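All remarks here apply to the structure that follows.
The values are calculated or read from the model by the stated rules, or taken from the named source; none is laboratory data. None of the values given here were measured: they were computed from a predicted structure. Methodologically, a virtual Cβ is constructed for each residue, glycine included, from the backbone with ideal geometry; neighbour enumeration extends over all protein chains shown. For the accessible areas, the whole protein counts, side chains as well, though only heavy atoms, and no ligand, DNA or RNA atoms are used. Shrake-Rupley method; radii C 1.70, N 1.55, O 1.52, S 1.80 Å.
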Amino acid sequence: MVGAGVSGLAIARELAPDHDVIVLDKGGVAADTSSRASGMISLSLEPFPDEWASFALSQFRALDGQGIFSFTERETVRLVPETNTDLYTDQAPDGGGFLTRPELERRYPDSFGDLSAYGGGLVYDGTGYLDALDYTMTLKWAAERAGAEIFRDHEVLDIRVEDGMVTGVETEYGLIDADHVVYATGWKTRDLLADYVDVPVRPLRWNAVVIEPNDPLPADCPMGSEPTMQIYWRLTAHGNVLVGGNEHLLTDPEGTPMDVQTSFRERVIEDVAPLLDGVAGGRIRREDCCPTADCASPDGLPIIDTPEEGPDGLAIVTGLHGRGIMLSPVTGHAVRSLVTGEEPPFPMAQFRLDRFDDRSADFEYRSHWGPGEGNSVP
């Protein structure tokens, strides 16, 4: 296994009970994007097959209480603007029940602030949140308990191939034999495997801030999203509010400043904070963005496959499009099915690399939000 982020650790946990698993990472465990993710689990609002959503949710529930992991279930409200209401309800994900603005305010007293620009909101259940670092470290703990070995500061230089079959990897410390090699290396997968397979992915970045309200919000305050601004929010364990969004593609992630964009910070303060009771006027306690970059695919869906043109025994996991935490249970089980030939409890066709005729990285960002404003490409 190459990559010790949330995808690599989820795969290791799935395979370790009956396989010899070694996870190698050039840096640290969950040191990049995985540890900075919002932890918002809103699969019912995503353009995914229902089987992906139900499987992932069942796994989060089953893992709750193990290691240091906890999963908090909370409803999500997707606000619907007063103008063009039909646009935002007709094209919204299925499964949400519409409540008018007065109904929202009665259902969630002391949660919302100024909703005068909104006709109401779509309320979804089957959503919740987790602490991303606690989750990834619990996956590591579970994988190691099952026998996996996980090594940080251990760079993989190349895969070894003989007669069209993977035989292992070459690392900075020597050779390791393996019948299967899985690359869960995000946007870097394209360059790392350029000699073996063309992977159409690009680096993606998002922004997030954590606001300390003037007055605490109620513990049952719903998670939420605003489609015209393409932002989301959730409460944290300490009573603060995490606001994230502004996903955009990058051309040079390593040369792009890692600061939260000024325009995003200003929008959160001026337009998002007033939506929640007591948050306007609160102070920003933390700012985050992907420390390297997340990874996008042309259609916004993951690539999880054993590419036909690649050597036998090579599997790739990339293009999670900012949904790596949410989809990690599906990712882990999908790779297990590729390695073992077992039948997965969800469709796999949407993961296949051969769905793309054009394998270039010259594509525009594909938003999961549906109607709303577009995203810039710095």
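For first residues located in segment 148-159 and surrounded by 14 or more Cβ atoms within 10 Å (Cβ to Cβ), partners that are of a type in the set (Phe, Trp, Tyr) and assigned to a strand (DSSP E or B) and lie 6+ apart or on another chain with Cβ distances below 9 Å form the pairs Val156/Tyr183; Ile159/Tyr183. Scanning segment 239-259 for residues that are touching a residue at least 60 places away in the same chain (Cβ under 8 Å), under 26 Å from Ser116 (Cβ atoms), outside any loop (DSSP other than H, G, I, E, B) and open to solvent by less than 20 Å² (accessible area, probe 1.4 Å) turns up at least one hit. Would you confirm whether any residue within segment 81-103 is free of Cβ contacts under 8 Å to residues at least 24 places away in the same chain and within 21 Å of the chain's Cα centre (by Cα)? Yes; the residues of segment 81-103 include at least one that is free of Cβ contacts under 8 Å to residues at least 24 places away in the same chain and within 21 Å of the chain's Cα centre (by Cα).
When the test is whether a residue is at pLDDT below 95 and open to solvent by less than 20 Å² (accessible area, probe 1.4 Å), Pro216 does not pass it.
Within segment 47-56, is even one residue among the charged types (D, E, K, R), open to solvent by 50 Å² or more (accessible area, probe 1.4 Å) and either part of a helix (DSSP H, G or I) or in contact (Cβ under 8 Å) with a residue 40 or more places away in the chain (or both)?
Taking segment 47-56 first, the residues among the charged types (D, E, K, R) are 50-51.
So of that shortlist, the ones also open to solvent by 50 Å² or more (accessible area, probe 1.4 Å) come out as 50-51.
Right, trim to either part of a helix (DSSP H, G or I) or in contact (Cβ under 8 Å) with a residue 40 or more places away in the chain (or both) and you get 50-51.
Yes: one or more hits.
Does Glu364 fit the bill of being in contact with a Pro (Cβ under 9 Å, 6 or more places away or on another chain), among the acidic types (Asp, Glu), open to solvent by 40 Å² or more (accessible area, probe 1.4 Å) and more than 29 Å from Ala31 (Cβ to Cβ)? So Glu364 fits the description; yes.
From the list Val77, Val29, pick out the single residue that is in contact (Cβ under 8 Å) with a residue 40 or more places away in the chain, over 20 Å from Pro218 (Cα atoms) and not small (Gly, Ala, Ser).
Result of the check over Val77, Val29: Val29.
Taken over segment 18-44, residues that are buried (at least 19 other Cβ atoms within 10 Å of the Cβ), of a type outside the set (D, E, K, R) and within 27 Å of Pro253 (Cβ to Cβ) amount to 14.
Among the residues of segment 8-46, those that are of a type outside the set (Gly, Ala, Ser), modelled with pLDDT of 95 or more and part of a helix (DSSP H, G or I) comprise Leu9, Ile11, Arg13, Glu14, Leu15. It is to be established whether one or more residues within segment 66-76 are in contact with a Phe, Trp or Tyr (Cβ under 9 Å, 6 or more places away or on another chain) and in a helix (DSSP H, G or I). No, segment 66-76 has no match at all. For the residues Val197, Val210, the requirement of being surrounded by fewer than 22 Cβ atoms within 10 Å (Cβ to Cβ) and in a strand (DSSP E or B) singles out Val210.
Within segment 178-203, residues that are aromatic (Phe, Trp, Tyr) sit with their Cβ atoms under 7 Å from residues that are part of a loop (DSSP other than H, G, I, E, B), at 6+ positions apart or across chains, in these pairs: Tyr183/Gly3; Tyr183/Leu193; Trp187/Val201; Trp187/Ala293; Tyr196/Gly310; Tyr196/Pro311.
The set of residues in segment 178-194 that are open to solvent by less than 50 Å² (accessible area, probe 1.4 Å) and assigned to a loop (DSSP other than H, G, I, E, B) comprises Ala178, Ala184, Thr185, Leu193.
Could you list, in sequence order, all residues of segment 293-323 that are closer than 25 Å to Thr72 by Cα and open to solvent by 10 Å² or more (accessible area, probe 1.4 Å)? If the condition is that a residue be closer than 25 Å to Thr72 by Cα and open to solvent by 10 Å² or more (accessible area, probe 1.4 Å), then Asp294, Leu320, Gly322, Arg323 are the ones that fit.
For segment 324-346, a residue qualifies if it is farther than 17 Å from Met1 by Cα, under 21 Å from the mean Cα position of the chain (by Cα) and open to solvent by 30 Å² or more (accessible area, probe 1.4 Å), and exactly one does: Pro345. Pairing residues of segment 352-376 that are more than 16 Å from Arg267 (Cβ to Cβ) and at pLDDT below 95 with residues that are of a type in the set (Ser, Thr, Tyr) and part of a loop (DSSP other than H, G, I, E, B), at Cβ distances under 8 Å and at least 6 apart in sequence or on separate chains, gives Arg366/Ser297. Only residues that are within 30 Å of Thr251 (Cα to Cα) and either touching a residue at least 60 places away in the same chain (Cβ under 8 Å) or part of a loop (DSSP other than H, G, I, E, B) (or both) were counted across segment 164-177, and they come to 3.
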